[in-house]
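Take a look at the structure set out below.
The values are calculated or read from the model by the stated rules, or taken from the named source; none is laboratory data. Keep in mind that what you see is a predicted model, and the values were worked out from it rather than measured. Neighbour counts run over all protein chains shown; Cβ positions are idealised from the backbone, glycine included.
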Amino acid sequence: MVHKIIELLRSKGYIIESHPRRGYKLLFIDDLSLASMYLSDLDTKIRYSVHYVRSCTSTQDIAKSLAELGAPEGLVVIAEEMSQGRGRLGRKWYALKGGLWVSILLRPKYLRTLQLLSLISGLSVVKALSRMLGISNVKLKWPNDVLYNEKKLAGILVEGSVEADEVHYIIVGIGVNVNNDIPKEIENLAISLKSILGHEIPRVPLLRSLIKEFDTLYNELITCNTEKIINEWTKYSSTIGRKVKVITFGEVIEGIAKGLRSDGSLIIVDDYGKKHVVYAGDVIHLR
Ligand code: BT5
């Protein structure tokens with residue numbers, strides 16, 4: 001019975017040491033430079049290995065350079081801090097010490113849309129947080145934000161090298177505010193796990209949990225189980241069913257977010273009953 005519970009906790013990301021006579025010990029490891037060691041025993045389809053740096057411009061840049069040198073799928077680049085962390089459309093991503101700043105290298109043979117990859121990445125963050133830390137009020141905002149009480153807890157950036165229908169590589173960037181301070185510039189719109197829970201969270205178990213959830217969802221994606229992904233994403237979403245304003249390629253659409261199509265695009269129905277399909281853009285929740 002105890003063994004079963006220990007295995008359940010391990011599958012949620014917790015790191016538990018076992019000793020034949022002394023029993024079990026729960027470890028709170030925050031030092032990300034040790035992460036590689038603690039990912040090696042994870043039961044995942046892909047083999048993940050961590051390349052850790054203390055600081056860099058952007059983990060996306062390091063992951064790209066290594067991808068171009070032939071690094072295998074499952075490389076995870078982690079930095080303690082980034083000087084030029086980036087979001088979508090060249091926006092700045094603040095990445096101070098204490099956060100979880102991660103880029104994962106993937107080499108799918110074929111990918112229907114990058115959008116779905118962005119959706120499963122956000123979904124993995126939400127599932128990891130609710131499974132491991134029991135935080136239930138974390139929601140997804142289309143396409144790539146993880147929110148807590150409408151404040152941004154995590155963001156996703158998917159970049160890649162794709163030619164015609166051949167995928168060279170994809171880099172999934174995931175940034176989660178964990179124990180880091182939130183800079184003044186974004187204090188009204190961002191939040192960290194430390195401030196939600198009132199204490200610091202060990203990042204290595206959190207990373208394990210995140211990778212485990214990501215691996216499962218990525219496998220659903222490459223085996224084309226998109227219906228399951230869309231349903232799960234919708235379950236955790238705060239966008240669907242809501243009145244929203246969407247800014248997409250210079251156009252502004254206002255209406256009710258009705259749901260997602262199977263490629264991850266968002267369906268909006270405006271006040272005149274006209275249906276719009278949005279493939280990329282920024283969403284503002286209106287009420
Ligand atoms: C994102 O873009 O949300 C993508 C964030 C991806 C970050 C990861 S960390 C690892 C990897 N390496 C990188 O260099 N990047 C990736 P977007 O949806 O465009 O949102 C950007 C906006 O989020 C900014 O304009 C700010 O308003 C806000 N923001 C910036 N830093 C933030 C932070 N630490 N927490 C919450 N919001 C932030």
Here are some residues: Lys141, Lys109. Which one is closer than 21 Å to Lys235 by Cα, among the basic types (Lys, Arg) and either more than 12 Å from the ligand (Cβ to nearest atom) or touching a residue at least 12 places away in the same chain (Cβ under 8 Å) (or both)? Lys141
Would the stretch 162-181 turn up any residue that is near the ligand (Cβ under 8 Å from one of its atoms) and over 16 Å from the mean Cα position of the chain (by Cα)? yes
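Tell me, which strands (runs of 3 or more DSSP E) lie completely within the stretch 1-100 with 1 or more residues that are more than 24 Å from Ser118 (Cα to Cα)?
15-19, 23-27, 49-56
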Select from the stretch 131-149 the residues that are aliphatic (A, V, I, L, M) and more than 15 Å from the chain's Cα centre (by Cα) and write down the one among them that is surrounded by the most Cβ atoms within 10 Å (Cβ to Cβ). Leu133
Residue among Ile196, Ile156, Ile222 that alone is touching a Gly at 6+ places or on another chain (Cβ under 7 Å) and over 20 Å from Asp31 (Cα atoms): Ile156
Inspect the stretch 275-286 for any residue being assigned to a loop (DSSP other than H, G, I, E, B) and without any contact (Cβ under 8 Å) to a residue 24 or more places away in the chain and give the result as yes or no. no
Since Val204 meets every condition but one in (1) in a strand (DSSP E or B); (2) surrounded by 22 or more Cβ atoms within 10 Å (Cβ to Cβ); (3) β-branched (Val, Ile, Thr); (4) more than 9 Å from the ligand (Cβ to nearest atom), which condition does it not meet? (1)
Restrict the check to the stretch 116-124 and report whether at least one residue is among the polar types (S, T, N, Q) and within 13 Å of the ligand (Cβ to nearest atom). yes
Can you find a residue in the stretch 227-234 that is in contact with a strand residue (DSSP E or B) (Cβ under 6 Å, 6 or more places away or on another chain) and either within 16 Å of the ligand (Cβ to nearest atom) or at pLDDT below 95 (or both)? no
May I ask you to verify whether Leu26 is at pLDDT below 95 and either away from the ligand (no atom under 13 Å from the Cβ) or in contact with a Phe, Trp or Tyr (Cβ under 9 Å, 6 or more places away or on another chain) (or both)? yes
